[in-house]
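To start, the structure under review is shown below, and the notes come after it.
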Amino acid sequence: MKIKIVALLLAVFAGYSSNAHKENEVKKGILLVTFGTSYPEAQKAFKNIEKKVQQAYPEIPLRWAYTSKIIRKKLARQGQIINSPAEALAKMGEEGFTHVAVQSLHVIPGEEYENLEKTVNAFQHMPKGVQKLTFGKPLLYSHSDNERLAVVFHDKFENKLSKKSAMVFMGHGTHHQANIYYPAFQYYLNELNKNYLVGTVEGFPELDKVIEKLKAQKIEKVILTPLMSVAGDHAQNDMAGDEEDSWKSILEKEGFEIEIILKGMAEYDEVVDIWVDHLTNSFKEL
Ligand code: CO
């Protein structure tokens with residue numbers, strides 16, 4: 001597998017090696033990397049990130065890459081070509097970028113994040129192309145990231161809570177050990193109010209656990225919102241869809257009144273600021 005990747009990358013660079021590069025000229029760039037989404041209306045979250053990053057770095061060219069092959073394929077069929085991180089870095093090398101700050105727009109340091117880190121490390125050792133790369137942390141990485149995001153949400157949603165109404169955040173969840181961030185983040189939220197709960201689609205805690213807690217806390221109304229960068233497929237369907245296995249339908253069946261906030265986290269400037277601060281931290285090292 002490794003040999004295959006190296007061979008592929010060498011092939012890519014062999015094609016570029018004939019190009020004359022101006023020596024010693026520093027050209028810095030930023031590569032924003034997300035899982036991706038195929039929902040056009042979810043794109044506004046990415047547009048917001050782009051706007052905020054451009055405000056912070058008006059002189060630095062920006063590129064995007066999606067880590068999800070399925071989403072890239074789906075978009076390609078619709079005529080929209082989005083690069084993988086490796087393709088984007090190879091192209092940036094070809095465009096003459098010497099220094100690139102790669103920023104993860106993932107929520108937790110899970111599998112997608114780790115794979116991206118491996119790609120970034122592989123490009124550190126390329127004989128041609130980009131000479132120096134830095135890698136920015138995902139949204140939730142440190143203790144202070146968790147504290148900060150909890151405060152952002154509390155400032156926004158405190159007025160939605162009452163003794164009988166709770167807010168449930170739907171995270172993605174993963175088999176990766178970083179899934180621990182989801183129950184951990186709930187702890188930080190609960191330092192501010194006990195009526196914040198976190199559940200996941202594909203990890204722990206599951207919706208059943210959330211329902212147990214809602215009942216124990218005698219909650220009547222649930223406000224549902226995604227703990228994801230965009231309100232894409234999971235938020236639209238698994239959370240807010242009308243199918244009987246959506247969280248909305250299941251919770252309604254359990255007797256809860258439901259309110260939906262269908263907004264990706266990246267639509268909130270204060271959340272994007274956390275990612276931008278992570279970019280700033282790594283950009284300094286470039
Ligand atoms: Co998913």
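The chain: longest stretch without exposed trypsin sites (Lys or Arg not before Pro) (DSSP loop, at most 11 other Cβ within 10 Å), sites themselves excluded? Here the longest segment lacking exposed loop sites spans 23-162. Across the cross-link table entries Lys91/Lys118; Lys91/Lys137; Lys47/Lys284, which are compared at the Cα atoms, the separations over 20 Å belong to Lys91/Lys137; Lys47/Lys284.
Estimated purely from DSSP H runs of n ≥ 4, each contributing -39500 (n - 2.57), the mean residue ellipticity at 222 nm for the chain is -13000 deg cm²/dmol once divided by its residues.
Which residues in the stretch 237-257 have a backbone N closer than 15 Å to a point placed 7 Å from the Cα of Lys164 along the Cα-to-Cβ line? What the label zone holds, given the 15 Å backbone N cut-off, is 255-257. Label-to-label distance, Thr280 versus Glu87, with points set 7 angstrom from Cα along the beta-carbon direction: 3.3 nm. Relative contact order of the stretch 183-265: 27 percent, from C-alpha pairs under 8 Å at least 6 residues apart in sequence. As a length-normalised measure over Cα pairs under 8 Å and 6 or more apart, the relative contact order of the chain settles at 20 percent.
As a calculated quantity, the FRET efficiency between Ile250 and Glu25 at R0 = 41 Å, using C-beta atoms, amounts to about 0.10. If I fit a long axis through the Cα atoms of helix 2-16 and take the longest principal axis of the Cα atoms of the chain, what angle between them do I get, 0 to 90°, rounded to 10? Helix 2-16 sits at roughly 50 degrees to that axis. Cα-based radius of gyration for the stretch 49-130, normalised by 2.2 N^0.38 Å, reads 1.14. Considering only beta bridges that DSSP places wholly inside the stretch 91-248, some 5 percent are antiparallel. On full extension, the segment bounded by Asp273 and His175 gains 32.5 nm, given 0.36 nm per residue less the C-alpha separation. Semi-axis lengths, largest first, of the ellipsoid equivalent to the chain are 39, 19, 16 Å, with √(5λ) applied to each eigenvalue of the Cα gyration tensor. In this simple spin-label approximation, Ser144 and Glu191 carry label points 7 Å from Cα along the Cα→Cβ vector, and these lie 1.3 nm apart.
Applying 0.36 nm per residue to the separation of Asn115 and Glu59 and subtracting their alpha-carbon distance, the gain on full extension is 17.3 nm. Here the average projected area of the convex hull drawn through the C-alpha atoms of the stretch 109-218 stands at 8.2 nm².
Since every read-out is calculated from the coordinates, none of them should be taken as a lab result. Model, not experiment: these values are computed from the prediction. Because the Cβ atoms are built from the backbone with ideal geometry, glycine has one as well, and the counts that use them run over all protein chains shown.
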